[in-house]
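These notes concern the structure reproduced below.
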Amino acid sequence: MENFIYESTVPHSVCEGLIDFYYNNESFKPHKGIATGVVDDDVKVSEDISVPKNYHQFDDRIKTYLYHLDLCIKSYFKKYERSSMPCNVSDKFNIQHYNPGGGYKVWHHERSTDKNSIRRHLVWMTYLTDNPNGGTEFLYQKLTVPAEKGKTLIWPAEWTYTHRSQIDEELEKMIVTGWIEL
């Protein structure tokens, strides 16, 4: 049975570029990750930077990643033709850093009645680090996807794709994530 969680990859060099961007850019500094509108360490523990999609005009690391992400999205739409409709990558995306023991700890999904999420059609995420014990768990699919550097996941934003971080107590983890919006 199909679960509509699509796996693709981006080159490791692209992941290294985003890690370098996270630590060595002039415009964005990490801030505590916010999940439910407030900082709550029982829900999410991370240091995030939110990057405007149009920042690719100023940074080749972002431009290169968005190029590879676009290839992944086109592959998703080719495989799942009925999911293809007029949509775009969201105006901002997040690069997230989790120290050991950090993560998005509670079950959640990416679309709700919240004005910031109502237009979300699909979710995308690329693992920037290898974390054998730090992947992503999908509740209803009874699936855990291991965090492997370069692995890119795309899945529907709906409640049927409720998920959470698998918490790695030993290694730090980094991802880049965002949405495809209608």
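The values are calculated or read from the model by the stated rules, or taken from the named source; none is laboratory data. Model, not experiment: these values are computed from the prediction. Don't worry about glycine lacking a Cβ; one is built from the backbone with ideal geometry, like all the others, and counts go over all protein chains shown. When the accessible area is computed, the model is the full protein with side chains, heavy atoms only, and any ligands, DNA or RNA have been set aside. Shrake-Rupley method; radii C 1.70, N 1.55, O 1.52, S 1.80 Å.
Just a few scattered comments:
- Residue count, the stretch 90-120 (criterion: open to solvent by less than 30 Å² (accessible area, probe 1.4 Å) and either over 14 Å from the mean Cα position of the chain (by Cα) or β-branched (Val, Ile, Thr) (or both)): 4
- Boolean, Arg82 is open to solvent by 70 Å² or more (accessible area, probe 1.4 Å) and part of a helix (DSSP H, G or I): yes
- Being modelled with pLDDT of 90 or more and in a loop (DSSP other than H, G, I, E, B) is a property that does not hold for Phe21.
- Within the stretch 140-166, the residues that satisfy the criterion of being in contact (Cβ under 8 Å) with a residue 24 or more places away in the chain and farther than 20 Å from Gly178 by Cα are Gln141, Leu143.
- In the stretch 50-68, of all residues being free of Cβ contacts under 8 Å to residues at least 40 places away in the same chain and not in a helix (DSSP H, G or I), the one that is surrounded by the most Cβ atoms within 10 Å (Cβ to Cβ) corresponds to Asp59.
- Tally, over the stretch 139-182, of residues that are among the basic types (Lys, Arg) and either in contact with a Cys (Cβ under 9 Å, 6 or more places away or on another chain) or closer than 21 Å to Pro11 by Cβ (or both): 3
- The set of residues in the stretch 148-172 that are within 17 Å of Ile95 (Cβ to Cβ) and open to solvent by less than 10 Å² (accessible area, probe 1.4 Å) comprises Gly150, Thr152, Leu153.
- Thr144, sole failed condition from (1) open to solvent by less than 50 Å² (accessible area, probe 1.4 Å); (2) among the hydroxyl-bearing types (Ser, Thr, Tyr); (3) touching an Asp or Glu at 6+ places or on another chain (Cβ under 9 Å); (4) at pLDDT 95 or above: (1)
- So Leu71, is it within 18 Å of Leu128 (Cβ to Cβ), aliphatic (A, V, I, L, M), surrounded by fewer than 17 Cβ atoms within 10 Å (Cβ to Cβ) and at pLDDT 95 or above: yes
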